1. Name the single residue that is nearest to ASP17 (Cα to Cα) among those in segment 37-52 being part of a helix (DSSP H, G or I) and of a type outside the set (Ser, Thr, Tyr).
2. Kindly indicate which of ALA107, ALA102, ALA81, ALA123 is out of contact with any helix residue (DSSP H, G or I) (no Cβ under 9 Å at 6 or more places or on another chain) and within 16 Å of ligand 2 (Cβ to nearest atom).
3. With the checklist (1) assigned to a loop (DSSP other than H, G, I, E, B); (2) farther than 29 Å from VAL191 by Cβ in hand, flag the one item MET27 doesn't pass.
4. Can you name the number of the only condition in (1) on the phi > 0 side of the Ramachandran plot; (2) more than 13 Å from ligand 2 (Cβ to nearest atom) that GLN23 fails?
5. What about LEU173, is it over 30 Å from ALA25 (Cα atoms) and at pLDDT 80 or above?
6. Can you find, within segment 32-51, the residue that is farthest from THR87 (Cα to Cα) among those that are among the aliphatic types (A, V, I, L, M) and within 13 Å of ligand 1 (Cβ to nearest atom)?
7. Scan segment 110-120 residue by residue and report those that are touching a helix residue (DSSP H, G or I) at 6+ places or on another chain (Cβ under 9 Å) and surrounded by fewer than 20 Cβ atoms within 10 Å (Cβ to Cβ).
8. Looking at the structure I just gave you, is ARG115 away from ligand 2 (no atom under 15 Å from the Cβ) and part of a loop (DSSP other than H, G, I, E, B)?
Amino acid sequence: MAGLEIQRKVKYQEELDLEFPRQVAAMPGAADLNRCIQCGTCSATCPVSVYMDPTPRRLVAMTRAGFKEEVLQSSTIWLCASCYSCTVECPKGIKITDIMYALKRRAIEEGVYPRWLPIPVLAREFFRKVRQTGRSNEGQIATAMILKTNPLKLLRQIPLGLKLLWKGRMSLLTERMSGDREQLQDLLDYVDRQNHQAAPGTEA
Ligand code: SF4
Ligand code: SF4
């Protein structure tokens with residue numbers, strides 16, 4: 001798929017980030033990263049690996065080798081459909097889907113995701129909305145995503161948006177959770193702290 005290939009470049013060891021695999025392995029669900037035997041079952045079973053560059057097998061190898069920049073900027077982690085097929089089939093029991101989530105979180109924290117891909121922007125807007133209100137709001141999240149990635153597309157989406165609003169399938173009004181929002185924020189802050197302990201030096 002045009003535009004999704006990563007830049008391939010030979011790197012010397014001193015250019016690699018050798019702390020990166022340790023930090024990723026310390027994130028929730030990624031502890032077994034180093035057990036990979038590079039069998040390729042994950043790539044073979046992945047329904048979207050044909051569109052990925054690198055494939056899941058290669059992404060695991062690059063993470064372990066410290067190719068931080070290439071891994072975090074790759075489209076692979078955003079194309080992952082979280083179907084868990086690779087996780088079910090991996091002979092070493094590696095939770096590859098969870099590793100994808102760990103890498104997505106790290107890419108968002110470091111702000112190095114591909115800017116032209118709407119998926120990371122959608123994820124970021126979703127987290128922001130849930131943190132602010134305790135609720136997801138599809139209308140506001142989708143509008144923010146389109147404005148930040150392809151504003152002209154908003155014009156084309158107006159008829160569909162009006163139809164959804166008219167049918168009550170979407171709302172632009174802000175809903176807030178009725179309970180103690182501070183408890184939710186404490187919980188999210190705790191998760192953030194856990195992730196930052198695994199990957200020191202990153203911002204929320
Ligand atoms: S299936 Fe598991 S062991 Fe095989 S390459 Fe993928 S992550 Fe590594
Ligand atoms: S969870 Fe993601 S990487 Fe694994 S098989 Fe499904 S789409 Fe592919």
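The values are calculated or read from the model by the stated rules, or taken from the named source; none is laboratory data. None of these values were measured; they are calculated from a predicted model. Backbone-built Cβ (ideal geometry, glycine too); neighbour counts: all protein chains shown.
1. Going through segment 37-52, the residues part of a helix (DSSP H, G or I) turn out to be 41-45, 49-51.
Next, from what is left, pick out any that are of a type outside the set (Ser, Thr, Tyr): 42, 44, 50.
On the way: CYS42: 24, ALA44: 28, VAL50: 28 Å.
Among residues in segment 37-52 that are part of a helix (DSSP H, G or I) and of a type outside the set (Ser, Thr, Tyr), the one nearest to ASP17 (Cα to Cα) is CYS42.
2. Criteria check complete, one pass: ALA81.
3. (2)
4. So GLN23 meets the others, but not (1).
5. Considered against the rule, which asks whether it is over 30 Å from ALA25 (Cα atoms) and at pLDDT 80 or above, LEU173 comes out as yes.
6. Pass one, segment 32-51, residues among the aliphatic types (A, V, I, L, M): 33, 37, 44, 48, 50.
Pick out the ones that are also within 13 Å of ligand 1 (Cβ to nearest atom) and you get 33, 37, 44.
Details: LEU33: 12, ILE37: 14, ALA44: 12 Å.
Top of the filtered list is ILE37.
7. So the first thing to find is which residues in segment 110-120 are touching a helix residue (DSSP H, G or I) at 6+ places or on another chain (Cβ under 9 Å), and the list is 110, 112-120.
Within segment 110-120, GLU110, VAL112, PRO114, ARG115, TRP116, LEU117, PRO118, ILE119 qualify.
8. Numbers: away from ligand 2 (no atom under 15 Å from the Cβ): yes; part of a loop (DSSP other than H, G, I, E, B): yes.
Yes; evaluated as a whole, the condition is true for this residue.
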